[in-house]
Amino acid sequence: NDDRRFDRVRARAALPLLAPLGMGPERLAATAEAMGRARVALETATALLAADALLEGGAGDLSLDPAPLAKAPQEIALRLLAGALTWVAGARYRPRLAPLEDLLAAGLAGRVRHGRTLHGCVLRMGAGRGAIPREPAHAAPPVPLAWGRWDGRWEVSAASPSDARIEALGAEGLAVVDDWRETGLSREALLTTPAIRQAGRLLAAPVIRPVPGFEVRRIAAVPPP
């Protein structure tokens, strides 16, 4: 109870200093409750904006309508963009505020038509609908298929040889699947979808071409906004 490494111990020690300022336990509790209500309101507004602005792309990516984003209050737009980037990246933590603000301003000003990276993702926004795919350079390295998860975004199960691996499909793998355009999925997003390889040979690309015995599921540390 006296170990100042713990937040509760330091907070309890600070109470006598805060009391003369009118910030006793009751006031602090009331402030925390008010902040909780504000957080719920912000999250609700972000969810409503997401319903208008975001669509799942089908390859672990998101598409983004800039029109409702531009009309939203900045705090809500920032929360939406942060949540979208975090989900696409399969990350546990959101991007830092300063580069996020810069990216949002650049996107709404039409300065990311050719793409700009942040948090392991690419943001492309122009006059039409924008896109947020995973950045190929930040996709995870290969892992054994037995691990069952890859890149923090995909869960893969299959009865395959023990030396098979999960890794990014990449341009070379996409070239093997010659009918990928018929899926209607984004080429850029497909590059970072999981592929199952054994000794360099492509066994399956389950997102783009389902194969019996291979199952893939999109996962994430946090849900999409």
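The values are calculated or read from the model by the stated rules, or taken from the named source; none is laboratory data. Model, not experiment: these values are computed from the prediction. Quick reminder, even Gly has a Cβ in these numbers, built from the backbone with ideal geometry, and neighbours come from all protein chains shown. In case anyone asks, the SASA skips ligands and DNA or RNA and just uses the protein heavy atoms, side chains included. Shrake-Rupley method; radii C 1.70, N 1.55, O 1.52, S 1.80 Å.
Data table
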quantity	calculated
Options 155, 182: the member that is part of a strand (DSSP E or B) and acidic (Asp, Glu)	155
Flag for residue 96 being free of Cβ contacts under 8 Å to residues at least 40 places away in the same chain, of a type in the set (Lys, Arg) and within 28 Å of residue 136 (Cβ to Cβ)	yes
Residue under evaluation residue 123, criteria (1) modelled with pLDDT under 95; (2) open to solvent by less than 50 Å² (accessible area, probe 1.4 Å); (3) part of a strand (DSSP E or B), criterion not met	(1)
Residue, farthest from residue 124 (Cα to Cα), within the range 171-200, restricted to residues that are of a type in the set (A, V, I, L, M) and open to solvent by 60 Å² or more (accessible area, probe 1.4 Å)	199
Residues being free of Cβ contacts under 8 Å to residues at least 12 places away in the same chain and either under 13 Å from the mean Cα position of the chain (by Cα) or part of a helix (DSSP H, G or I) (or both) - total across the range 99-120	3
Tally of residues being within 20 Å of residue 172 (Cβ to Cβ) and either modelled with pLDDT under 90 or open to solvent by 50 Å² or more (accessible area, probe 1.4 Å) (or both) across the range 204-215	3
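Residues are listed down the side, and each one gets a yes or a no for (1) among the basic types (Lys, Arg); (2) modelled with pLDDT of 95 or more; (3) surrounded by fewer than 19 Cβ atoms within 10 Å (Cβ to Cβ); (4) closer than 23 Å to residue 126 by Cβ:
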{"position": "46", "(1), (2), (3), (4)": "no, no, no, no"}
{"position": "81", "(1), (2), (3), (4)": "no, yes, no, yes"}
{"position": "88", "(1), (2), (3), (4)": "no, yes, no, yes"}
{"position": "99", "(1), (2), (3), (4)": "no, yes, yes, yes"}
